[in-house]
1. Using 0.36 nm per residue, how much length does the chain from Leu13 to Asp149 gain when fully extended, once their Cα-Cα distance is taken away?
2. Between Rg and the Kirkwood Rh of segment 115-181, both from Cα atoms, what is the Rg to Rh ratio?
3. Suppose every K and R has +1 on its Cβ and every D and E has -1 on its Cβ; what is the size of the dipole of the chain about the Cα centre, in Debye to the nearest 20?
4. Find the Rg to Rh ratio for segment 20-116, where Rh is the Kirkwood radius over alpha-carbon pairs and Rg uses the same atoms.
5. Tell me the GluC sites (Glu not before Pro) within segment 101-181 that lie in a loop according to DSSP and have at most 16 other beta-carbon atoms within 10 Å.
6. Run the numbers for Ser85 and Val128: contour at 0.36 nm per residue of separation, minus the present Cα-Cα distance, in nm.
7. Looking at the chain, do any whole DSSP H helices span at least 15 angstrom along their long axis by alpha carbon and average 1.0 or above on Kyte-Doolittle, and which?
8. Largest first, please: the extent of the C-alpha atoms of segment 61-110 along each principal axis, to the nearest Å.
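Taken together, the values in this text are just the output of simple stated rules run on the coordinates, not laboratory data. Worth saying up front: this structure is predicted, and the values here are computed from it rather than measured. Methodologically, a virtual Cβ is constructed for each residue, glycine included, from the backbone with ideal geometry; neighbour enumeration extends over all protein chains shown.
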Amino acid sequence: MVPATPAEVPVDLPIEKRIAAAVELYGESAVVLRAVSLIAGNNEGEEFLLYVGGEHARGILDGAPVLYWPELWGTRALLYVWDDSAEEAVTAALHNQAWRVREMGARVAAARELPVAPVLEGLLTDEVARVRAAAARALGSVGTLEHLDAIRPLLKDGEIDVRRGGQQGMDALRARLGASD
């Protein structure tokens, strides 16, 4: 199969359709490997960056600062394509210096039900509200009843979205594990 050129990448499609197109072109395992490589800070080429980043990736290709965007897009791609070999990369994303990558890592950990509850528990005190909220919601998917006590302080957080995330996480834990506290 002939790889796409940057001009042929369907950047205007929603992310799930771009990832599906990348899987069709490169194969599922190759897309996972390249997404993991982006999380590690590697360059996976212009066309792959366009698949995972869409129209926003054009800015980087046109000279905008790279910052954390490829790492974020690589992490986000794992919501749509997966292999268990990516678990370590998602765990690393939870420790990333960029809050957007940590937040997305929590979303992927929840979606893929990864056994990273201790890392997520640590993110409940992250300096960024969106990371705290994402960690609480993710614990609702992968945590245990013991995590109810860890999430509970978020119900009094100064940020309303964190309070909501905390409540959502606790509600999900109770529903998933059939318990009340």
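1. Values: separation 136, 0.36 × 136 = 48.96 nm, distance 4.17 nm.
Contour length minus Cα-Cα distance gives 44.8 nm.
2. On the way: Rg = 10.3 Å, Rh = 11.1 Å.
My calculation of the ratio gives 0.93.
3. Details: 18 positive and 27 negative charges, 118 e Å.
Roughly 560 debye, rounded to the nearest 20.
4. Values: Rg = 12.4 Å, Rh = 13.1 Å.
Ratio value, two decimals: 0.94.
5. Numbers: sites: Glu103, Glu113, Glu121, Glu127, Glu146, Glu159; in loops: Glu113, Glu127, Glu146, Glu159.
Counting only loop positions with at most 16 other Cβ atoms within 10 Å, the GluC sites (Glu not before Pro) in segment 101-181 are Glu113, Glu127, Glu146, Glu159.
6. On the way: separation 43, 0.36 × 43 = 15.48 nm, distance 2.84 nm.
Working it through step by step, the gained length comes to 12.6 nm.
7. Values: long enough: 15-26 (16 Å, 0.48); 28-39 (17 Å, 1.56); 99-111 (18 Å, -0.06); 129-142 (20 Å, 0.59); 160-177 (25 Å, -0.63).
Long hydrophobic helices here: 28-39.
8. Projected onto its principal axes, the Cα set of segment 61-110 covers 34, 21, 15 Å.
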